[in-house]
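Just so you know, all these numbers are worked out from the coordinates, no wet-lab data involved. Note that the structure is predicted; figures quoted are calculated from it, not measured. Quick reminder, even Gly has a Cβ in these numbers, built from the backbone with ideal geometry, and neighbours come from all protein chains shown.
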């Protein structure tokens, strides 16, 4: 399903040919994320990502970069996460050379102009303000801070106003020199493109990029001895809550089992939480669960938006469903979860961007690629006993974390102590 080659400088190139596709997507994944930052430079990975779109020597402005791609009907964008930064471009397959040229140019030749830095500093500050005003985003930040207090995983990827306002050009350049290296970067390509032709065009653009000493890892501590609670007051109509527990890493043998457990709990409109909390009780419009996997850690989180006066009722109902899943999972539920998981995976493989991310993401994070058929085989083999074992391991009283943002004044019933008393399974 894919071909892989490692260039002399350590850059890993993966191609997946999709002959029936009319597009091609290029994804550059760099091993630089918020977990690799110091506390004082929080947000610098995201800052760098923004600046790479601001201009190069050949394309001095952001407009010229976007015009070269949009001028052929393509899409270009980037994103920063906790463990990596991604730059991607999707174009009609005849325009592959243009996309490759633009992506390599911004990755290797960005100017980091002082004027651009100051302007983008204000842009990111507004992005921080937007996130603070978006309760779903705010509560997801709060739950990370509870799960991983005073740790890189618990920090906001975008950074904080205090850190973003103080980052200097020299720090940005030093960070790029420290984290942006070919031997910790993957170029993943999917679509109507041939491997040998792609490699022939890639080598001249990247062969002068020098490898450096690779530093990986960051401090993670999942130890927790009692339930944690945090309420963030906000004058909004709904209360937004996240109930989270520690989960499993990228490489944990039970990572696919916890994904299935989350599917049983809160994926889709036939899941336990959706059925009970929304359909049967009418307590929420949006309720779902999701998992995250990192180098040495992970999480399973349940999100819900509810009436502020019904937070205690909703939380009690959610915890009841969580407790029930520890006791029994039916054969039909396991089958539904497997088929939903497999079906969604197959559907994702119809899109060239998803395919490029599938292979590139695994390579950069684990250096081991599972093809979709490998994953399907693993999922098919998971048993009810495995799910119950995982549930009993992670769903414990002392491992619960509850984050809430919403109105706490004016007689609202969102009170800390009653909620703390409810945090039991």
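The alpha carbon centroids of the stretch 50-65 and the stretch 95-116 are separated by 6 Å. The convex hull built on the alpha-carbon positions of the chain has an orientation-averaged projected area of 20.8 nm². Here, the stretch 3-206 is characterised by an Rg to Rh ratio of 0.99, where Rg is the alpha-carbon radius of gyration and Rh the Kirkwood radius.
Could you state the number of Å between the C-alpha centres of the stretch 66-88 and the stretch 1-35? Here the two parts' Cα centres lie 14 Å apart.
May I ask for the distance between the Cα centers of the stretch 300-339 and the stretch 362-425, given as a whole number of Å? Result: 10 Å between the Cα centres. Once the Cβ-Cβ distance of residue 4 and residue 101 is raised to the sixth power relative to R0 = 22 Å, the FRET efficiency obtained is 0.50.
Can you give the relative contact order of the chain as a percent, counting alpha carbon pairs under 8 Å and 6+ residues apart?
Computed over the chain, the figure is 22 percent.
Using 0.36 nm per residue, how much length does the chain from residue 281 to residue 165 gain when fully extended, once their Cα-Cα distance is taken away?
Here the segment from residue 281 to residue 165 would lengthen by 37.2 nm.
Length available on full extension from residue 316 to residue 366: 0.36 nm per residue minus the Cα-Cα distance, which gives 14.2 nm. When the alpha-carbon atoms of the stretch 251-345 are used, the pair Rg, Dmax equals 13.7, 41 angstrom. A crude spin-label estimate for the pair residue 389 and residue 136, with each label 7 Å from Cα along the Cβ direction, gives 3.5 nm.
Computed from the Cβ-Cβ distance with R0 of 30 Å, the FRET efficiency linking residue 354 to residue 207 stands at 0.55.
Using C-alpha pairs under 8 Å with a sequence gap of at least 6, the mean separation divided by the residue count of the stretch 302-425 gives a relative contact order of 47 percent. Where Rh is the Kirkwood radius over the Cα pairs of the stretch 85-126, the temperature 37 °C and the viscosity 0.692 mPa s, what D in µm²/s does Stokes-Einstein return? Rounded, D is 267 µm²/s. In terms of surrounding Cβ atoms within a 10 Å radius of their Cβ, 160, 218 rank from fewest to most as 160, 218. If R0 is 22 Å, the Cβ-Cβ spacing of residue 38 and residue 226 corresponds to a FRET efficiency of close to 0.15.
Subtract the Cα-Cα distance of residue 324 and residue 270 from 0.36 nm times their separation in residues, and report this length gain in nm to one decimal.
17.8 nm
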